[in-house]
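Laboratory data are not the source of any read-out in this text; all were calculated from the coordinates shown. In this text, all values refer to a predicted model and were calculated from it rather than measured experimentally. Here the Cβ positions follow ideal geometry from the backbone for every residue, glycine too, while neighbour counts run over all protein chains shown.
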């Protein structure tokens with residue numbers, strides 16, 4: 001019976017929580033950085049165990065199903081590689097005195113706490129618990145965004161805190177409304193907040209109440225996804241925080257918020273009389289895509305540019321899930337996975353670049369392929385991947401999104417393709433200056449490793465060339481779970 | 001009894017909305033903080049009454065937490081922040097008081113129309129509570145957007161939280177998870193505010209958010 005404590009679903013929560021508790025007490029940063037990697041690695045291994053475990057029956061507070069296993073495994077994998085990158089990055093920050101050992105202690109504890117919060121949000125079976133977890137994740141990232149304590153970092157953190165909290169508040173109101181809708185049908189208490197109880201009864205819920213609830217939930221969690229027009233916090237938070245945090249924000253936290261939206265979307269789709277949640281997601285997704293595509297042209301800060309690219313890609317993903325149906329859902333899942341891997345690898349590369357050049361201004365970072373061939377070409381590869389060039393993974397997922405849209409709603413495909421082309425143009429315009437031409441700034445060699453970056457790119461390239469059959473089957477199954485738009 | 005229960009909770013929730021309006025037109029910092037404390041006390045009374053009529057002792061815990069945190073500790077802490085940071089004692093608003101009040105009335109009307117319409121089937125007690133709670137939340141949002149100071153934005157945010165707690169307690173039998181979460185969020189707000197104000201004071205002469213704006217990365 002005691003072994004129940006050791007099942008993978010519990011471990012993905014216990015390992016980071018325990019690591020956070022130890023790291024907060026550990027004064028030596030060198031050991032702390034290694035412990036951080038080790039804890040992230042064990043969390044990832046536990047997450048892999050989710051594939052093999054006996055699923056909880058849904059009466060507890062944790063839920064493991066085909067949908068969230070995908071998210072948890074992706075989450076812990078990128079969390080693990082980011083912790084490797086972070087160890088090198090943070091050592092340098094300490095060297096140049098941007099961070100002090102006390103702040104590092106805090107940083108590592110917060111990193112594990114964030115991993116805990118995200119895993120809890122993904123595995124929670126209770127809507128209220130999921131909300132608490134997302135709130136905790138917001139809090140930890142706010143603190144990490146502000147960790148440099150410069151004017152810009154504080155402003156970014158403050159903006160993120162205010163907008164994130166308002167979003168979280170709206171999401172809680174939506175959660176309460178869902179409880180109100182469920183309570184007459186399934187009775188009072190915890191049952192009216194369990195996904196496993198809500199879903200089979202969703203058809204009997206009051207549709208009007210569900211509609212209003214979904215609007216609040218979409219606004220609330222949509223703020224955290226970074227969908228336009230609720231995205232204002234995102235570029236600042238990405239640009240001013242430490243780069244490992246930018247990678248985690250873009251690659252993981254946005255996905256966690258999206259997962260919350262998807263869960264409620266499934267609930268709404270199960271109620272025939274409620275509004276279809278799909279068109280709302282499609283509208284917000286397209287707005288984000290087109291808006292971010294144009295905003296990409298005016299960027300002068302390299303991290304901010306990739307932050308806008310994240311808005312663009314979250315828009316594509318929301319669009320795909322909004323379209324619904326097996327093919328679009330499949331494309332959305334694939335795109336989400338590919339975007340997480342690619343974008344975090346890009347932020348790792350950008351972290352190396354800004355560290356060498358000592359600036360984030362695009363104008364001061366020129367001709368990287370001349371001065372740092374390895375780094376420069378890695379950036380070229382990253383931008384090619386994120387822009388969706390074949391044969392990389394994002395090409396495949398974008399192709400699937402576009403082709404499924406053409407076959408069902410040709411009119412919607414026009415703004416979609418337009419946004420994609422505009423953003424590709426913007427990315428390559430900026431890349432041209434960054435990677436080619438006469439080098440500017442420091443030419444100090446890069447001393448940090450490429451292992452996390454190449455691990456990600458290898459996966460993205462591999463997925464672009466060949467998707468293993470079990471993965472395709474798994475994604476197809478999840479796509480069916482996600483249902484119509 | 002049913003009618004008394006209904007009327008009392010209606011009065012308490014309604015007074016919360018009225019206090020939100022008072023928050024909306026305050027021009028002096030200390031008055032704003034005092035009225036926020038009153039806002040919290042009205043919330044505590046509303047929670048206590050809900051706990052009594054729903055026969056839910058767990059709500060008394062929520063009420064105690066809300067009282068200690070929001071009616072006592074946070075107002076005192078904010079007063080000290082204002083004094084020690086030398087924050088300007090009068091509040092500059094982004095738009096005038098008149099238009100803000102009109103917008104507030106509009107928001108209350110909106111929340112009534114929306115909530116009363118969609119909750120036909122629910123029990124009338126929860127219905128009214130929910131409509132008034134949404135009014136408090138929307139008014140809190142209005143306070144946040146119409147004020148320029150960090151302190152006033154924090155008060156706006158906490159009045160939103162008050163509205164959320166009102167909604168959560170009005171929903172009958174809402175499990176403890178949410179009460180914990182709400183208490184948790186109070187704590188969170190408190191810690192974050194403390195840290196933020198501490199940091200902002202270290203770095204800036206003012207906690208006016210517009211002062212931070214000047215340093216925005218890409219403004220040319």
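Peptides A:289-297, B:105-113 ranked from most to least packed by the mean count of surrounding Cβ atoms within 10 Å: A:289-297, B:105-113.
Please work out whether the range A:276-485 counts as rounded, prolate or oblate from its C-alpha gyration tensor, where a ≥ b ≥ c are the square roots of the eigenvalues and a/c under 1.5 means rounded, while otherwise a/b larger than b/c means prolate and anything else oblate? The shape class here is prolate. Under the classification rounded if a/c is under 1.5, otherwise prolate if a/b is larger than b/c and oblate if not, where does the range B:6-62 fall, given a ≥ b ≥ c as square roots of the Cα gyration tensor eigenvalues? It comes out oblate by the Cα gyration axes.
Over the range A:160-250, what is the relative contact order in percent, taking alpha-carbon pairs closer than 8 angstrom and at least six residues apart? Relative contact order of the range A:160-250: 36 percent.
Residues B:136, A:402, arranged from fewest to most other Cβ atoms within 10 angstrom of their Cβ, appear as A:402, B:136.
Over the whole of A:144-155, what's the average partner chain Cβ count within 10 Å per residue? Rounded to a whole number, please. The per-residue average across the peptide is 4. Averaging Cα coordinates gives a centre for the range B:138-176 and one for the range A:297-361; these two points are 33 Å apart. A protection proxy built from the mean count of other Cβ atoms within 10 Å ranks the segments A:466-475, A:239-248, A:453-462, A:153-162, most packed first, as A:239-248, A:153-162, A:453-462, A:466-475.
Placing a label point 7 Å from the Cα of residue A:417 along the Cα-to-Cβ line, the residues of the range A:368-395 whose backbone N sits under 17 Å from it are A:388-390, A:395. Please give the Cα centre distance for the range A:187-253 versus the range A:47-61, rounded to the nearest Å. With the range A:187-253 and the range A:47-61 each reduced to a Cα centre, they are spaced 23 Å. Mind jotting down the distance between the C-alpha centroids of the range A:416-455 and the range B:27-95, whole Å? So the separation of the two Cα centres works out to 50 Å.
Taking a ≥ b ≥ c as the square roots of the eigenvalues of the Cα gyration tensor, the range B:1-134 is oblate, since a/c reaches 1.5 or more and a/b is not larger than b/c. Averaged over the residues of B:165-171, the number of partner chain Cβ atoms lying within 10 Å of the residue Cβ comes to 4.
Label reach from residue A:185 (point 7 Å along Cα→C-beta): in the range A:200-218, amide nitrogens under 12 Å belong to A:200-211. Between residue A:458 and residue A:275, the C-beta separation translates, for a Förster distance of 25 Å, into a calculated FRET efficiency of about 0.05.
In chain A, helical runs assigned H by DSSP with n ≥ 4 each contribute -39500 (n - 2.57); averaged across all residues and rounded to the nearest 500, the mean residue ellipticity at 222 nm is -25500 deg cm²/dmol.
Per residue, the convex hull around the alpha carbon atoms of chain A comes to 126 Å³. Sorted on the mean count of surrounding Cβ atoms within 10 Å across their residues, most packed first, peptides A:21-32, A:353-364 read A:353-364, A:21-32.
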